[in-house]
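What follows draws every value from the coordinates through simple rules; no lab data is involved. Here the structure is a predicted model, which means the values were calculated and not measured.
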Amino acid sequence: MKKIIVSAVAVLAVVSNLNSAMAEESKSYISGSIGFSTLSDYDIDVEGVGSAKMKGDDNISLNAAIGYKGANNIRNEFEISYSDFETKDKYGAGVEMDVQMISLSGNAYYDFVKAGRDWTPYVGAGAGITQVKGSDAGGSETDIAPHVQLKAGVSTQISENSSLFADYTFKHVFETSFDANDGTELTVDSLKTQTLSFGVRSTF
């Protein structure tokens, strides 16, 4: 609970920055992207049984955001992202688990704008909450955990109101735990993903 409260405070800080940006001749925008995401190997611990090292997976991820761009090259946005990974025990013990993640984030970016240049690099950071759904042969359980993320990318204008972008995201989701049908607790160590995304951003 303490971690979730800390993440909520971080998101509120982003909201505060967003309100400041709105007062500085900001432009609203929406964006959508599709990415290739990699989940790193992670550990699980089953109460009374032991632990296992789970092998990560690669899959497609989907992202959508709405935000504001201020006159000071700072952007603030709310983002929702979805990813799903099929993982199994790294050493062949037969343990398999599907990991689905839906994340809500507050992000802040700085655009390195330069007059006359056709492309704009940017960096960003964010925090929020992730719903993690773990599924195996015995059923599925969900938990909510805080996350933090770092971003870096580049965009290029293709029309007055639209631009294409590509970016990299590193996301760290903190520890989650699930209660199995028999009451056994399963703890999932922190989940780490790396995503390369390509998308479109449009102002309105």
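Side notes on the structure shown:
- Put simply, the amide H of Gly56, placed in the peptide plane, has neighbours under 5 Å in Asp41, Tyr42, leaving out anything fewer than 5 places away on its chain.
- Length gained on full extension, Ser28 to Glu175, computed as 0.36 nm times the residue gap minus the Cα-Cα distance: 49.5 nm.
- Amide H within-cut-off set for Glu175, under 5 Å, with H built and near neighbours excluded: Ser190
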